[in-house]
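The block underneath contains the structure these notes are about, expressed in structure tokens.
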Amino acid sequence: MRKLCCFAAPFGAAVFLAVCLLPEVFWLPAGGLCALLALPGLLLQGERRMVWVIAAFGLAAGLGWSGVYTGLFHASARGLDGTEQTAAAAVTGWPREAAYGCSVTVRLTPEQGPAVNALLYLEPLEDGSLPELKPGDQLRFTGRFRRADTIAGASSDYYYSKDILLFAYADTAEVQRPEHSSPRYWPAYVSRALKESAARCFTEDAAPLVTSLLTGDKSTLPGGLYSALRRTGLAHVVAVSGLHMSFLAGGLSLLLGRRRRLMAVVGISLMFFFAAVAGNTPSVLRAAFLHTFMLLAPLVEREEDKATSLSAVLLLLLLQNPYAVASLSLQLSFASVAGIYCFTGPLYRRWTANLPQGNGLRTRLLRGLASWLAGTLAVTTGAAVFTTPLTAYYFQMISLISPLSNLLALWAVSGLFMAGLVTAVLGVFLPGAAALLALPLSWLARLITWIALTLSRLPFAAVGMDSVYLRLWLLLVYLLLALWLFWRGKRSRPWVPVGTGLLCLCAALGFQFLGRTGGPLTVSVLDVGQGLSAAFYAEGHALLVDCGGSGPEDPGDTAADYLQSLGLTRLDTLILTHFHADHAGGVPQLLARLEVDTLVLPAVTPEDPLRLEIEAAAQASGAELLWVTEPMELTLGGARLRVFAPLGAGSVNEEGLSVLCSSGDFDVLMTGDMDGTIERRLVKYGDLPDIELLVAGHHGSKYATSEDLLLAVQPEYAVISVGYNRYGHPAPEVLERLAAAGCEIYRTDWSGTLTFTVRDGG
């Protein structure tokens, strides 16, 4: 079986190289070159020759299959790209509400070439309602098509990894519903039934978490809860994967006992059906295949080879869709299992080697508790070894509190998953009985939620990896791990590398804090996508101007993550320039995460829905509301702030606040979204000094950052807080005006979060 591993592992590596690194034009030539690499291997002897030749052909096959698959199955998508035509399709999923109407996955049947999966966007009906579609419905529509190879204007394999090759846009669609649903769509109906049952049986605060645990659907989770799960290293519990399959297998084992054949038949069938219910994501399919191999190994009288099993599963998934290798779900899933296979067993044996022996009740209880603690920590640590670099790369954040949070929560997750699954199934047939059973389980869901929210609020629960000190620390940790693993001498003092790693972590956090806050004033313009949020720090005091944006995370979470990474749990002041989502949409989530003493707001648009939501959230959190009707001054440590009252009338942008922060000879000006007309009023009445840092108005709109303003304040640096948008921000005219004014221009969409630290007041 090792021969399979020698082929499958290079196959997966070659597919990753093709999909993620190499241009498509090089795939087939590189595959041919790898095949030629088999020739030198023929000069070797024995097993080495076999390994070399098989590995070379594995590399060649991976590159070749990537090219062949793309040529065969992407041809239909390329033929439809950029066209508008009538098409027939079958609905494969349940519709979801979109920005304008709904989206639903469909399987298109083009006139030529194989069928392709697409994401279809439909407009609302004439009465404003959304189309009622079900899996299995046959559609006919006239739509506009484009390839699903970009997200927010950037090239991406995200949808390709999900086997979705096209986006389709249509106003309406003709729907034909078959009399009987095909068995291929039964898992989708079961998934919907479980979600509806969980929503009926469980309390309103518990149902979203239960639904996520059972089906992997995180759409109903409150944004704050998912952020807390991610910060505490518990996000994997709501991504159906090996953890859930293990719970399922454990439950079946208790029911069926040692009847191996029955266990194999029932277990394999149930696991793949459950995988389909959970959406056949790479992580859940990986778990289903691995458990299948584990159940079949004793029946065919073969020992399970973990390396072979893992690489074989990867081969199967990539044969079905090579682009699945770009899926973060697949990468994290395989990385976690590889880490568990490599490290969990040795760690567990080392940590339990000296446990007390004996048959006394107290000794057995202590040994059982210690074994459970060691097992949980060993699994968590093993999984983290290879997943930590991935989370640091993709999310620019790692959770430091993950071992503790998993230790506290996994037992509850296990109980909630098994009992929740039974309850949700029972709720389909006996809702009343299921609701009674769900009452104590709701408390278990609340406990998990409380653990995640409480631990996520601790300083340094998670740290951002944008700091060079933390990157160096992480590199050091892996160097220490490698030295400890390959040290040929006696490894009797594991506390030495552990202690060294902890001391260096403290040093890295200290250097990060001093680097960002070591002067009299630090200003950080956060990367929140198309929006604005700027953090000010001075002498132990923190202030935020605006909190909104269109990034992948809630801007409130982005701001809270940044402040908590500095060890801060409270905010002195939050200033909102105006009530638009790209400047204030993250405030409710920020207030849920951090203690905020004072909110400074413009006294305008009293009936604005966002303003009302912010007022309610502020009152609930105990924050003081301060309404600005005339210019006011604030202090932030040794820094001074002038908040200018609205200088215009009419639109929300014109009625916004502007902020000037001064520390010594360093001045920072933020003008919100005001246009050139209002900027000229600010110049006339604001008595503005020459400034060092200008946060460009309205994300670089051509109507803001006027020449009059630039001539008046003469900034040295300009920051444009901008993300993907359809407005053309930043406008070429603005860039030209800033360049002509002699500014050094920085953009958050290019550089991420930008931090300026004042030294010696200048």
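Annotations
- Residue within segment 293-301 that is within 16 Å of residue 4 (Cα to Cα) and either basic (Lys, Arg) or more than 21 Å from the chain's Cα centre (by Cα) (or both) present: yes
- First in segment 342-366 and over 18 Å from residue 379 (Cβ atoms), second anywhere and of a type in the set (Val, Ile, Thr) and surrounded by 11 or more Cβ atoms within 10 Å (Cβ to Cβ), Cβ under 7 Å, 6 or more apart: 356/363
- Every residue from segment 65-114 that is in contact with a helix residue (DSSP H, G or I) (Cβ under 8 Å, 6 or more places away or on another chain) and assigned to a helix (DSSP H, G or I): 65, 66, 67, 69, 70
- Helices (runs of 4 or more DSSP H) within segment 555-664 that include 3 or more residues free of Cβ contacts under 8 Å to residues at least 24 places away in the same chain and surrounded by fewer than 23 Cβ atoms within 10 Å (Cβ to Cβ): 609-621
- Of all residue pairs spaced 6 or more apart or on separate chains, those with beta-carbon atoms under 7 Å, a first member in segment 470-483 that is without any contact (Cβ under 8 Å) to a residue 24 or more places away in the chain and a second member that is assigned to a helix (DSSP H, G or I) and not polar (S, T, N, Q) are 480/497; 480/501.
- Screening residue 673 against (1) under 23 Å from residue 538 (Cβ atoms); (2) buried (at least 22 other Cβ atoms within 10 Å of the Cβ) leaves a single unmet condition, (1).
Per-residue answers, yes or no, for (1) closer than 30 Å to residue 753 by Cβ; (2) in contact with a strand residue (DSSP E or B) (Cβ under 6 Å, 6 or more places away or on another chain):
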position: 387; (1), (2): yes, no
position: 392; (1), (2): yes, yes
position: 399; (1), (2): yes, yes
position: 403; (1), (2): yes, no
position: 408; (1), (2): no, no
position: 414; (1), (2): no, no
position: 419; (1), (2): no, no
position: 432; (1), (2): no, no
position: 439; (1), (2): no, no
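- Scanning segment 465-478 for residues that are under 23 Å from residue 557 (Cα atoms), of a type outside the set (A, V, I, L, M) and either modelled with pLDDT of 90 or more or surrounded by 19 or more Cβ atoms within 10 Å (Cβ to Cβ) (or both) turns up 467, 469, 471.
- Filter result for the condition that a residue is modelled with pLDDT under 95, touching a Lys or Arg at 6+ places or on another chain (Cβ under 8 Å) and of a type outside the set (D, E, K, R), over 56, 88, 98, 75: 88
- Conditions (1) touching a helix residue (DSSP H, G or I) at 6+ places or on another chain (Cβ under 6 Å); (2) within 30 Å of residue 640 (Cα to Cα); (3) not charged (D, E, K, R): number failed by residue 461: (2)
- Answer residue from segment 501-528, given it is buried (at least 24 other Cβ atoms within 10 Å of the Cβ) and not β-branched (Val, Ile, Thr) and is nearest to residue 668 (Cα to Cα) among those: 521
- Per the listing 18, 60, 8, the residue uniquely more than 30 Å from residue 129 (Cα to Cα), over 32 Å from the mean Cα position of the chain (by Cα), buried (at least 17 other Cβ atoms within 10 Å of the Cβ) and small (Gly, Ala, Ser) is 60.
- Residue 189 satisfies every condition listed in (1) modelled with pLDDT of 90 or more; (2) surrounded by fewer than 17 Cβ atoms within 10 Å (Cβ to Cβ); (3) more than 30 Å from residue 410 (Cα to Cα); (4) not charged (D, E, K, R) except (3).
- Segments classed as strands (runs of 3 or more DSSP E), wholly inside segment 136-219, with at least 2 members that are assigned by TED's automatic domain parsing to the domain that holds residue 725 and without any contact (Cβ under 8 Å) to a residue 12 or more places away in the chain: none
- Wholly enclosed helices (runs of 4 or more DSSP H) of segment 1-57 bearing at least 3 residues in contact (Cβ under 8 Å) with a residue 12 or more places away in the chain and of a type in the set (S, T, N, Q): none
The values are calculated or read from the model by the stated rules, or taken from the named source; none is laboratory data. None of these values were measured; they are calculated from a predicted model. Methodologically, a virtual Cβ is constructed for each residue, glycine included, from the backbone with ideal geometry; neighbour enumeration extends over all protein chains shown.
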